[in-house]
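This report concerns only the one structure given below.
The values are calculated or read from the model by the stated rules, or taken from the named source; none is laboratory data. Quantities reported herein were computed from a predicted structural model and do not represent experimental measurements. Glycine also receives a Cβ, built like all others from the backbone with ideal geometry; neighbour counts cover every protein chain displayed.
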Amino acid sequence: MTREDVWEKLKTVEHPEIAVSLIDLGMILDVAVDGNTAELALAFPMKDIPQAVVDAVLNSASEVLKDLGLEIKTTFFEMSPEARENFLTQARTNWKGSI
């Protein structure tokens with residue numbers, strides 16, 4: 001399994017509350033594959049995101065990676081102001097519900 005294979009699969013993962021992929025929202029910054037482990041760099045719009053939202057986002061990505069036979073490791077980041085603005089614009093336009 002290559003980084004590119006995993007990246008392509010992750011392009012299909014939508015945010016649980018926003019009808020946009022995590023990649024298009026700027027939430028998945030990078031992925032590295034080492035054996036049967038995928039290491040995700042995830043960005044959130046602010047530091048104090050409710051744990052339920054963090055868990056839902058992580059579960060969405062994890063399901064796809066588990067289907068590929070991969071374990072997941074994550075590193076969390078806060079979005080830059082520009083990335084946060086893009087995220088919020090897409091959230092307002094594509095909101096689909098609450099967790």
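Selection of the stretch 41-52 for residues being surrounded by 13 or more Cβ atoms within 10 Å (Cβ to Cβ) and either aliphatic (A, V, I, L, M) or at pLDDT below 95 (or both) yields 41, 42, 43, 49. Taking the listed residues 83, 61, the one that is buried (at least 16 other Cβ atoms within 10 Å of the Cβ), within 17 Å of residue 21 (Cβ to Cβ) and out of contact with any helix residue (DSSP H, G or I) (no Cβ under 8 Å at 6 or more places or on another chain) is 83, with no other qualifying. With respect to the stated conditions, residue 55 fails to be acidic (Asp, Glu), within 14 Å of residue 87 (Cβ to Cβ) and either touching a Pro at 6+ places or on another chain (Cβ under 8 Å) or at pLDDT 95 or above (or both). Applying the condition of being part of a loop (DSSP other than H, G, I, E, B) and hydrophobic (A, V, I, L, M, F, W, C) to the stretch 7-29 and asking which residue is nearest to residue 61 (Cα to Cα) yields 13.
Looking at 38, 32 in this structure, which one is in a strand (DSSP E or B), hydrophobic (A, V, I, L, M, F, W, C), farther than 14 Å from residue 69 by Cα and at pLDDT 95 or above? None of the other options fit; the residue is 32.
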